Amino acid sequence: MSLAVALGEGGGPPPAASRPTRTRGHRPLLLPGLAYLALFFVAPVAVLLATSLYVPVPGGDVGQYQPALHGQNYVDALAKFWPQLVRSFGFALMATLAALAIGYPMAYAIAVRARGRRLLQGLLLVLVVAPFFTSFILRTIAWKQILADDSFVVAALHWLHLLPPGGRLTATPFAVVCGLTYNFLPFMVLPIYASLERLDPRMLEAGADLYASPFTTFRTVTLPLSMPGVVGGTLLTFIPASGDYVNSSLLGNNTNTSMIGQVIDARFFKVLDYPTAAALSVVLMVAILVLVGAYVRRSGTEELL
């Protein structure tokens, strides 16, 4: 039994008496939200599903399709582009783990170590969200300059013999994962910070009073109570990273780094192969839903769904 559970705090459903009472009079308040979901989620997904089953117009020009129920589009799309789909999830997983390794100590320092110093906490939080003040594409281009062949980073790695002669960082999986990690790092830090900021310092003091080592206190108190933030942060990082195409285009842009988002973008706007692009979009969405559902159920935080 963890120390947090033993102390009777952190996690678990609230007492029945404190739960909000549901009344039928509140149901009209749901209508704007339901209308928003129907207009901006259900309708686009329905159009996407219908497009994924289209077939070319006989004798028509490029980009001309007609409604049909051609499920073979999914088979053909997966047979041709499954490496990019697998690579996307692999890159997203590596970026998520890297963001977690970097983001958790950052969130811990802001929420726990800087607790009580509001000015310092505010300054650190501003530094975390500061990248949002700049365009996503501009930030990625900046990384392209940092990792360029003539940059000081590559020169230093050559000097330290960490890169072989002629070795480079751009157009490699390393560059794409670096870009994904940097661009989505705030999405990892902020949920973890929110969880740690609510951590009762008396529980940490109780752990010390019970002669628990700092590591044991972290393992049995801090980490379990911050798991909702960890799960939320990993989801907010993994999901957009899986469908990202900017980093793979600007930092990779070759056959060894192309991600499924890059393929969908090219199929939609360059090749005009709408059914294949729509089929890949549906497959990506379903795969993310399955992976996220399994992950949340495995982590024991089903209430996030």
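General observations
- Those residues of the stretch 229-276 which are in a loop (DSSP other than H, G, I, E, B) and either of a type in the set (Asp, Glu) or over 14 Å from the mean Cα position of the chain (by Cα) (or both), in sequence order: Asp244, Asn253, Asn254, Thr255, Asn256, Thr257, Ser258, Met259, Lys270, Val271, Leu272, Asp273
- Scanning the stretch 278-287 for residues that are farther than 14 Å from Pro83 by Cβ and crowded, with 22+ Cβ neighbours inside 10 Å yields Ala278, Ala279, Ser281.
- Residue check for Asn247: of a type outside the set (A, V, I, L, M) and surrounded by fewer than 18 Cβ atoms within 10 Å (Cβ to Cβ): no
- Residues that are farther than 14 Å from Val112 by Cβ and free of Cβ contacts under 8 Å to residues at least 24 places away in the same chain were ranked within the stretch 202-215; the one that is most open to solvent (accessible area, probe 1.4 Å) is Tyr211.
- Checklist (1) touching a Ser or Thr at 6+ places or on another chain (Cβ under 8 Å); (2) open to solvent by 10 Å² or more (accessible area, probe 1.4 Å); (3) under 30 Å from Leu190 (Cβ atoms) applied to Arg267, failing item: (3)
- Total residues in the stretch 78-112, condition open to solvent by less than 30 Å² (accessible area, probe 1.4 Å) and in contact with a Cys (Cβ under 9 Å, 6 or more places away or on another chain): 1
- Complete set of residues in the stretch 136-190 that are without any contact (Cβ under 8 Å) to a residue 40 or more places away in the chain, open to solvent by 20 Å² or more (accessible area, probe 1.4 Å) and part of a helix (DSSP H, G or I): Leu138, Ala142, Gln145, Ile146, Phe152, Val153, Ala155, Ala156, Leu157, His158, Trp159, Phe174
- Residues that are of a type in the set (Phe, Trp, Tyr) and in contact with a Leu (Cβ under 8 Å, 6 or more places away or on another chain), drawn from the stretch 73-106: Phe81, Phe89, Phe91
- Every residue from the stretch 113-135 that is β-branched (Val, Ile, Thr) and open to solvent by 50 Å² or more (accessible area, probe 1.4 Å): Val126, Thr134
- For the stretch 51-77, taking the residues that are in contact (Cβ under 8 Å) with a residue 24 or more places away in the chain and of a type in the set (A, V, I, L, M), the one that is surrounded by the fewest Cβ atoms within 10 Å (Cβ to Cβ) is identified as Val62.
- Selection status of Val86, over 30 Å from Gly232 (Cα atoms) and either within 25 Å of the chain's Cα centre (by Cα) or modelled with pLDDT of 95 or more (or both): no
- Which listed residue, of Thr255, Thr220, is of a type in the set (S, T, N, Q), free of Cβ contacts under 8 Å to residues at least 24 places away in the same chain and open to solvent by 10 Å² or more (accessible area, probe 1.4 Å): Thr255
The values are calculated or read from the model by the stated rules, or taken from the named source; none is laboratory data. Since we're looking at a predicted model, the values are computed, not measured. Don't worry about glycine lacking a Cβ; one is built from the backbone with ideal geometry, like all the others, and counts go over all protein chains shown. Ligands, DNA and RNA are stripped out before the accessible areas are found, and what is left, the full protein with its side chains, is counted by its heavy atoms. Shrake-Rupley method; radii C 1.70, N 1.55, O 1.52, S 1.80 Å.
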